[in-house]
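S.K.: This structure is in structure tokens; I'll ask about it shortly.
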Amino acid sequence: MIKRMKVYLLACVLILSSTISYSHVVEIEGRPCLTPKNDIFYICEDFIAFIDSRLICIPEGFKTDLSSVPFFLRWKFDRFKTSTISPAIIHDYMYRCVDYSRKYADEVFYDALINEGASHYTASLYYYAVRVFGGFSYHKKECLTDERLCKFAGMGEIPQF
């Protein structure tokens, strides 16, 4: 049964991956600073990205599990792979803290994965996984309780990267 499910998932991704074509511009500044605690990670300094020329600032203290990979899919999805960490954090933030549609957040996740060096095949696997299973986490509103903005917010000038 599990083997058949793996083959089916692989076939679907191979067929559908050729149909994915998004053009969101994702610029990620540096690597995120993470502090682990059990199976959860906390951002230890503000993490900056630009999505379609809009600033996304993920504040220090934001909680993430990186990629929410069910145990039965961990054979394929490595949540600690360098090319998936930043996109997963941005995706978690877009799901929980800002009012973007779920589809838009998933598309940005796909484009961020490609931008960070993931293959189209890998990005497609992650994309379809969040399309199928992501609804359980969408808009849980697990932001910081004080809704603190990033340190440079409101200073009049956004840093240029």
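Computed from the coordinates by the stated procedures, all read-outs in this text should not be read as laboratory data. These numbers come from a predicted model, not from an experiment. With ideal geometry, Cβ positions are generated from the backbone for all residues, glycine too; neighbour counts draw on all protein chains shown.
S.K.: Can you check what the net charge comes to around residue 130, using other residues whose Cβ is under 11 Å from the Cβ of residue 130 (Lys, Arg +1; Asp, Glu -1)? List each step's numbers first, then the result.
M.R.: Numbers: positive: 102, 103, 131; negative: 92, 106, 107.
Local net charge: 0.
S.K.: Ranking 55, 66 by Cβ neighbours within 10 Å, fewest first, what do you get?
M.R.: On the way: 55 13, 66 23.
Arranged by neighbour count, lowest to highest, 55, 66 become 55, 66.
S.K.: Fewest Cβ neighbours within 10 Å first, please rank 91, 120 accordingly. Can you show the working numbers first?
M.R.: Numbers: 91 26, 120 15.
Arranged by neighbour count, lowest to highest, 91, 120 become 120, 91.
S.K.: Right, here's the next one. So for 52, 111, fewest C-beta neighbours within 10 Å to most, what's the order?
M.R.: Details: 52 13, 111 21.
Fewest-to-most Cβ neighbours within 10 Å comes out as 52, 111.
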